[in-house]
Amino acid sequence: MSSREANRQLVAALDRAVQIQSGVIEGYVRRLRRKHPEASPAELQNLIDKHFMRAVSGTGAGVGMAAAVPGIGFFTGALAIGAESAVFLDAVALYTAASAHLRGVDIGDPERRRALILVVLLGAAGTALVDPGARRRGVPAVASISRFSTKRLVEVNGRLLRMALRRFRFTWLGKIMPLGIGAVLGLMANRRLARRALRNTYESLGPL
């Protein structure tokens with residue numbers, strides 16, 4: 001895969017993940033609350049964590065989040081064409097946005113969702129780009145993202161995307177995210193990436 005094609009594929013997969021409707025995400029969290037009326041926010045977050053890990057750990061689309069969110073076909077559709085990388089990004093997008101919604105973060109703006117997803121994928125480097133002093137002050141990245149105007153979000157997302165393209169173009173796209181070339185992610189690789197996404201989400205969104 002050429003670097004240009006890898007870039008195009010990552011952008012396309014990210015765009016697709018960002019387009020998951022906020023109503024779907026909010027409905028997922030509402031269903032969890034109805035099913036577990038006595039659960040605390042932390043316990044609900046733990047359920048979301050477990051769904052996410054199942055969705056990306058090889059037992060895959062049929063259980064995990066797809067089972068928890070009836071009517072969503074993006075896991076099945078992505079698997080049908082062999083693009084497991086798209087499944088992973090969809091799962092990260094849904095997990096990140098659901099975790100943010102649980103904390104009362106407005107996820108209605110696609111550009112805000114894009115920023116959150118990119119920060120979760122990039123970890124500390126993404127947080128530093130959004131707000132260079134955030135980690136030193138102990139402020140989660142979402143605090144800055146929530147204050148940004150749409151114009152500012154577009155600018156920040158452009159910089160985050162360029163960083164993601166440099167970081168993942170060969171290492172992630174070539175090995176971890178085959179994007180339709182037919183490779184299958186191993187269970188350990190999936191879980192390692194998923195645990196990193198969990199950690200980055202907690203750091204980016206802060207406590208419940």
task: State all residues of region 100-151 that are part of a loop (DSSP other than H, G, I, E, B) and within 16 Å of ALA197 (Cβ to Cβ); if no residue qualifies, say none.
output: GLY123, PRO140
query: Of the numbered conditions (1) of a type in the set (S, T, N, Q); (2) touching a Leu at 6+ places or on another chain (Cβ under 9 Å); (3) modelled with pLDDT of 70 or more, SER85 satisfies every one except a single condition; which is it?
result: (3)
query: Assuming VAL156 fulfils every condition listed in (1) loosely packed, with under 14 Cβ neighbours inside 10 Å; (2) at pLDDT 90 or above; (3) part of a helix (DSSP H, G or I) apart from one, which condition is it?
result: (1)
- request: Kindly provide the set of residues from region 22-42 that are surrounded by fewer than 13 Cβ atoms within 10 Å (Cβ to Cβ) and not in a helix (DSSP H, G or I), ordered by number.
  value: HIS36, PRO37, GLU38, SER40
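Residue-wise test of (1) touching a residue at least 12 places away in the same chain (Cβ under 8 Å); (2) under 17 Å from LEU208 (Cα atoms).
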{"site": "ALA12", "(1), (2)": "no, no"}
{"site": "ALA17", "(1), (2)": "yes, no"}
{"site": "GLU26", "(1), (2)": "yes, yes"}
{"site": "LEU32", "(1), (2)": "yes, yes"}
{"site": "LEU44", "(1), (2)": "yes, yes"}
{"site": "LEU47", "(1), (2)": "yes, yes"}
{"site": "HIS51", "(1), (2)": "yes, no"}
message: All but one of (1) buried (at least 17 other Cβ atoms within 10 Å of the Cβ); (2) at pLDDT below 90 hold for PHE148; state the number of the condition that does not hold.
response: (2)
- prompt: For LEU185, which of the numbered conditions (1) in a helix (DSSP H, G or I); (2) at pLDDT below 90 fails to hold?
  reply: (1)
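The values are calculated or read from the model by the stated rules, or taken from the named source; none is laboratory data. For clarity, every value in this text was computed on a predicted model and none was experimentally measured. Ideal geometry is used to build each Cβ from the backbone, glycine not excepted, and the neighbour counts take in all protein chains shown.
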